[in-house]
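Chemist: Structure incoming, see below.
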Amino acid sequence: MTKELNTLLTALYVLVDDHVVPTRAGRGRRPKLTDSELITIAVAQVLQRYDSERRWIRHIHADAEWRAMFPAILAQSGYHKRLKAAQPLLCKAILTLAACCPSWFDDLWITDATAVPCGTSRETVKRSDLAGHASYGYCASHSRWYWGLKLYLVCTGDGMPVMWCLANPKLGEREVLAALLGHNHHLIREGQILLADKGFAGKAFKKQTEALGLQLLRPDRKDETYRNGNLGGIRQRIESVNQTLKGQLDLEAHGGRTPAGVFTRVAQRLLALAASIWHNWTTDLTSKRSLTAYDH
C-alpha cells in the first residue's frame, strides 16, 4: 500500500463515518466490521484493481499492512452479502463526496451512456439471472454488439458523478435520461446547463429538460442549421470519464451475475472515481492553503 493510498482511504473512512453511515441505535450485537470500514474496503478493492472478491479478501488476509488496517475483515461470502446490503450507503457516499467538491456548484453538467457488458457466451445469456434486465445492444464507440446493460451517467466537468442508473440497452436513451433527471429533480438548480450527445435531440426531450429547469446543450446534427457546432472539445470530457471507468477502474470486468450484483459493482467503481476526484480536490486545496500561509 502506498502512502498516498493510505491517506486517501483514511480520509475517506473519516468522511463516510461522519456523514454517510447513520449511528446504530437499539439492541443487538454490533458487527465487528463497521459499515464505514466496509465502504472503505470496497473502494480500496477497485483502486487496487481486484475484480475478484475472493482474491481481494485473500490478499488482505495475507498482507500484514492491510490486516492491521482492517483486523475484522470478513470471509468472501460475508463481504459479498454485506456489500450488496450496503447499496444505499454506496449511493449516498457518492453524493456526499460530490457535494464536498467545488465542482458541485458548476453550472455545466455532462451526460452520456456507455455499455456495461454482462456476458460473452450464448449459454450465459440463457442461464443468467439478469434475463429480463439485460439485453443485446450496440456499442458505437467500439463498433460491436454486446449483451448487458447500459450505464447512464450525469457528471460535473471534472468527472464527478452526480446521478446515474443502469438500464436495458433496448430502451430509448432519451426516455431513460428523462426518467433519471425526473427522479433526481431535487439535485437540479435553475439555469443548470446539461451537455448531451446529438442522440438526445428532439422537441419532446427538450421540453422535458426545460420543465426541470435545465438548459440542454448538444452538438448540431447534419440536417440542422448551425447552433452550437460539434462541441468536440467539451464532449471529450465525458469520453475521458468513460475511458477511466473502463480502462483504470475495470467497469467491463465487474463480474456481476445478478441485478443486485451488477448494481453493487458499478456503484463501487463510481464511488472509487468520486473518491479519487474528491481526494485530488482536497489535496490541491490543502497545498494552496499551505503556500498561502507560507507567503504570509
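The values are calculated or read from the model by the stated rules, or taken from the named source; none is laboratory data. Keep in mind the model is a prediction, meaning the values are calculated, not measured. Neighbour counts are summed over all protein chains in view; Cβ atoms, including those assigned to glycine, are modelled from backbone coordinates with ideal geometry. To get the accessible areas, we keep the full protein, side chains included, count just its heavy atoms, and leave off ligands, DNA and RNA. Shrake-Rupley method; radii C 1.70, N 1.55, O 1.52, S 1.80 Å.
Chemist: Taking the Cβ-Cβ separation of GLN76 and ASP129 as r and a Förster radius of 22 Å, what is the calculated FRET efficiency to the nearest 0.05?
Modeler: Working: r = 19 Å, r/R0 = 0.86.
The pair GLN76/ASP129 has a calculated efficiency of 0.70.
Chemist: Hey, another quick one. Hey, what's the chain come to in accessible area per residue, 1.4 Å probe, Å²?
Modeler: Numbers: 15500 Å² over 296 residues.
Here the per-residue accessible area is 52 Å².
Chemist: Here's something else I'd like to know. How long is the gain from LYS222 to LYS203 if the chain were fully straight, where each residue apart is worth 0.36 nm and the alpha carbon distance is subtracted? The partial results should precede the final answer.
Modeler: Working: separation 19, 0.36 × 19 = 6.84 nm, distance 1.66 nm.
Computed gain between LYS222 and LYS203 is 5.2 nm.
Chemist: Please identify every one of the GluC sites (Glu not before Pro) in region 100-190 that sits in a loop by DSSP and has no more than 11 other beta carbons within 10 Å of its own beta carbon.
Modeler: Values: sites: GLU123, GLU173, GLU175, GLU190; in loops: GLU190.
Of the GluC sites (Glu not before Pro), the ones in loops of region 100-190 whose Cβ has at most 11 other Cβ atoms within 10 Å are GLU190.
Chemist: Mean-square fluctuation check for the chain, GNM, Cα pairs under 10 Å: which of THR244, THR156, THR111 is largest?
Modeler: THR244
Chemist: Taking a label point 7 Å from the Cα of ASP284 along the Cα→Cβ vector, which residues of region 85-110 have an amide N closer than 17 Å to it?
Modeler: The answer is 97-110, whose backbone nitrogens lie closer than 17 Å to the label point.
Chemist: Is it possible to state the helix-based mean residue ellipticity at 222 nm for the chain, with each DSSP H run of 4+ residues giving -39500 (n - 2.57), the sum divided by total residues, to the nearest 500 deg cm²/dmol? What is it? Mind showing how you got there, number by number?
Modeler: Details: 11 runs with 148 residues, N = 296.
Result for the chain, helices only: -16000 deg cm²/dmol.
Chemist: Residues with amide H under 5 Å of GLY119's amide H, sequence separation 5 or more or different chain, H placed in the peptide plane at 1.01 Å from N; which?
Modeler: Answer set, sorted by chain and number: TRP147.
Chemist: Please list 3J(HN,Hα) in residue order for region 132-147, calculated via the Karplus relation 6.51 cos²θ - 1.76 cosθ + 1.60 where θ = phi - 60°; whole Hz, with x for glycine and proline.
Modeler: Using θ = phi - 60°, the values come out as x, 9, 8, 7, 7, x, 10, 9, 5, 5, 10, 6, 8, 8, 8, 10 Hz.
Chemist: Once you charge only the Cβ atoms, +1 for Lys and Arg and -1 for Asp and Glu, what is the size of the charge dipole of the chain about its Cα centre, to the nearest 20 debye? Working shown, then result.
Modeler: Numbers: 39 positive and 28 negative charges, 220 e Å.
Charge dipole, the chain, about its Cα centre: 1060 debye, nearest 20.
Chemist: Does the chain come out rounded, prolate or oblate, given a ≥ b ≥ c as the square roots of the eigenvalues of its C-alpha gyration tensor, rounded meaning a/c under 1.5 and, failing that, prolate meaning a/b above b/c? Display every interim value, and only then the final one.
Modeler: Details: a/c = 1.90, a/b = 1.27, b/c = 1.49.
Oblate, because a/c is 1.5 or more while a/b does not exceed b/c.
Chemist: Ignoring ligands, DNA and RNA, what percent of the accessible area of the chain is carbon or sulfur (1.4 Å)?
Modeler: On the way: 8070 of 15500 Å².
Here it works out to 52 percent.
Chemist: Something else now. Quick check on packing: order 178-186, 147-155 by the mean number of other C-beta atoms within 10 Å, highest mean leading.
Modeler: Values: 178-186: 14.4, 147-155: 23.0.
Going from most to least packed, we get 147-155, 178-186.
Chemist: Hey, what do the phi angles of region 66-83 turn into as Karplus ³J(HN,Hα) couplings, whole Hz, using 6.51/-1.76/1.60 and θ = phi - 60°, x for Gly and Pro?
Modeler: 5, 5, 5, 6, 10, x, 9, 4, 8, 6, 4, 5, x, 4, 5, 5, 5, 5
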